[in-house]
Amino acid sequence: AYLECVFRTNVQSAYGAGKYRAVTSEAAAEAFPFVEYLTVDDARVRDSHKALHGKIFRVGSPAMKRVSPPCGYNCRCTLVQRTAEEVAGREITDDVPPGVIDPDFDGPPVARLDA
């Protein structure tokens, strides 16, 4: 179980760093100025991550930087790029509820890998 946790967390951190760089690139941010936080939405998703499921964030916002997956060990969440048209009429949030991100994972995955 420990080895699986370490492996999954490291793979998700590398994937998350690449995804973060891609989503925040100038061309991508211009075409897709929003991201939606999505969980796997199964029985194993922790309650703290369910609190973020479906939330929309502006690309590059402080909140988006904080919630960029992984947000904890064994996190399987992802960010999906969205156009302005896709999020029309939906709430755009700049708030991150307290306690949804594990302390060691607060910030963009690129920062964790570059540290």
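The values are calculated or read from the model by the stated rules, or taken from the named source; none is laboratory data. This is a predicted model, so every value here is computed, not measured. For neighbour counting, all protein chains shown are included, and Cβ atoms are generated from backbone atoms with ideal geometry for every residue, glycine included. Protein only, heavy atoms only, side chains kept; ligands, DNA and RNA dropped before computing areas. Shrake-Rupley method; radii C 1.70, N 1.55, O 1.52, S 1.80 Å.
Okay, residues lined up against (1) over 15 Å from the mean Cα position of the chain (by Cα); (2) not hydroxyl-bearing (Ser, Thr, Tyr):
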| position | (1), (2) |
| --- | --- |
| 9 | no, no |
| 24 | no, no |
| 30 | yes, yes |
| 34 | no, yes |
| 76 | no, yes |
| 81 | no, yes |
| 87 | yes, yes |
| 91 | yes, yes |
| 94 | no, yes |
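So, in the range 6-25, exactly how many residues are in contact with a Pro (Cβ under 6 Å, 6 or more places away or on another chain) and of a type in the set (A, V, I, L, M, F, W, C)? Count: 1. Scanning the range 1-57 for residues that are open to solvent by 70 Å² or more (accessible area, probe 1.4 Å) and not hydrophobic (A, V, I, L, M, F, W, C) yields a total of 14.
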